1. Using a 1.4 angstrom probe with every protein chain in place, what is the largest-first accessible-area order of 82, 266?
2. Got a sec? Charge dipole of the chain, +1 on Cβ for Lys and Arg, -1 for Asp and Glu; which of 273, 204, 132 is way out at the positive end?
3. Counting Lys and Arg as +1 and Asp and Glu as -1, what is the net charge of the other residues whose Cβ lies under 12 Å from the Cβ of residue 264?
4. Using +1 on the beta carbon of Lys and Arg, -1 on that of Asp and Glu, and nothing else charged, what's the dipole of the range 147-258 about the Cα centre, debye to 20?
5. For the range 86-340, just say rounded, prolate or oblate: build the C-alpha gyration tensor, square-root its eigenvalues into a ≥ b ≥ c, call rounded for a/c under 1.5, and beyond that prolate if a/b exceeds b/c, oblate if not.
6. Give the shape of the range 2-125 as rounded, prolate or oblate, defined through the alpha-carbon gyration tensor: a ≥ b ≥ c are the square roots of its eigenvalues, a/c under 1.5 means rounded, and otherwise the shape is prolate if a/b is larger than b/c and oblate if not.
7. Please report the accessible area of residue 170 (heavy atoms, 1.4 Å probe, ligands and nucleic acids excluded) in Å², nearest 10.
8. Over 14 Å apart: what share of the alpha carbon pairs of the range 2-62 falls there, rounded to a whole percent?
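The values are calculated or read from the model by the stated rules, or taken from the named source; none is laboratory data. All values derive from a computational prediction rather than experimental measurement. We place every Cβ from the backbone using ideal geometry, glycine too, and count neighbours over all the protein chains shown. Note: accessible area is taken over every heavy atom of the protein model, side chains too, but ligands, DNA and RNA are not part of it. Shrake-Rupley method; radii C 1.70, N 1.55, O 1.52, S 1.80 Å.
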Amino acid sequence: MRNQEATKLIFDLSFAGRRGAELPASDVPSSAGIPREFLADTAPPLPEVAEPDVIRHFTNLSTLNMSVDTHFYPLGSCTMKYNPKRHERLSSLPGIVDLHPHQNPADIQGMLGILFEMQEMLAEIAGLPAVSLQPAAGAQGEFAALLVAAAYFKDRGEHRTKVLFPSSAHGTNPASAALAGFECVQLPDSPDGFVDVEELKRHLDSSTAVFMMTNPNTLGLFEHRTPEIAKLVHDAGGLVYIDGANMNAILGITRPGDFGGDMMHYNVHKTFTGPHGAGGPGSGPIAVRDFLADFLPGPVVGKSASGAYELQQPAKSIGRVRSYFGNLGILMRGYLYLRTLGAKGLREVSEVAVLNANYLKAKLADVLPVPHGRTCMHEFVASAQKVQKELGISAMDIAKRLLDYGYHAPTVYFPLCVPDAIMVEPTETESKETLDAFADTIRKILGESADLLHDAPHSTVVSRPNDVQAARKPILKWSPCCDS
Ligand SMILES: *Cc1c(COP(=O)(O)O)cnc(C)c1O
């Protein structure tokens, strides 16, 4: 019942003449100086509702969603860990939220100091000395770093046109490379789930600009041959890009700069917490080797001769990729997270994240086997192929039915190299009890009738939309009042 109410549009609640606020009469002539063709003939079709209607409508809508604060959220690759409330509170202090980016640097030394320290900490964790906090998400970090690479090669007078990546790469990798003007070359993965080094060798030549790889990779496996891979790429004159979305597995244990990366992005909202999902907000700082520092997007925060913090533009900067200092709200939460945990705490984050993933993987191994079944890092990719064959239950059925039991679904059908993939990332913030209950629920689901599962979920407002039709014929109308 409540669900049905909440699926109404706010326009359905409209009642002529009802108001939530009384505005004083306008003392400006309504059409003063505005050319006739820009004036509307009728008032906009806004809903006429009282304040309680608005509050109830949006509060009810908000309860239909799943979130890290309400449910276990093992969405592989996305690192949906708990966001500490202390950091929410601290990053909302007036001294932080009341600053204005146009203030004189002398008056915002505290904030610039925070950003400077954030750059330093990210450089240390990456093992790469130069950082720009500007990119607003991981994908934009990739794009910015590839522009840095392009500027670097141009500066050297080298014409390198290709970006290589393994087939298990996140879709943002080729998208970023294409947007940055490179030709994308996808390499098949080796059967054991790693970068195929022989295949890479065959493709490396003087046209190679960048090899993009994720480590740990998208299968949750640590690419142990990365130093060798990096040497091959470097010998061919190319650069190695590390997609840092999986940093949650290696914090304080190993560093992209140490295993051969020349550039990387962080996903601060994933690894260092920031409430994210549904497309934002994010923060994707990039870290690069010293010889690339001059090309970073700017400004970056530096220190003047007198020791004051100041905004500096790198000498050959590719320019801005975002307004002001980057996505400050998320950077603040990340900064607080790093300061709260410290070096020892960060290492423990990764150790527990890896332990949790391996625990859950082992608990489910008999029903959802992992094709690349060695010890995983912070996530694992199981296959529903066996239960599909034996029980007629698909990865999608399991994912959808989990919603009925109060779990956010894992990532499914990605990466493509695992048939009927179910990608689970429990993160370090979940207890053993939660992991046990989740594993029990999966077993319970596998004992249910396939027919019941094909129509799941049964308890949500929208049950199972036709994915293909939803993608091909999306319904984008925003208002029923315009629907005639
Ligand atoms: C999340 C993710 C990205 C993209 O990061 P956004 O912050 O969502 O733009 C890139 N690569 C991998 C492996 C990811 O998991």
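1. Values: 82 90, 266 0 Å².
Per-residue accessible area, sorted high to low, gives 82, 266.
2. Farthest towards the positive pole: 132.
3. Details: positive: 255, 289; negative: 142, 243, 258, 262.
Net of charged neighbours comes to -2.
4. The calculation lands at about 300 debye.
5. On the way: a/c = 2.14, a/b = 1.57, b/c = 1.36.
Since a/c reaches 1.5 and a/b is larger than b/c, the shape of the range 86-340 is classed as prolate.
6. Details: a/c = 2.76, a/b = 1.37, b/c = 2.02.
Judged from the Cα gyration tensor, the range 2-125 comes out oblate (a/c at least 1.5, b/c at or above a/b).
7. Around 70 Å² of this residue is reachable by solvent.
8. Numbers: 1234 of 1830 pairs.
Beyond 14 Å sits 67 percent of the P(r) for the range 2-62.
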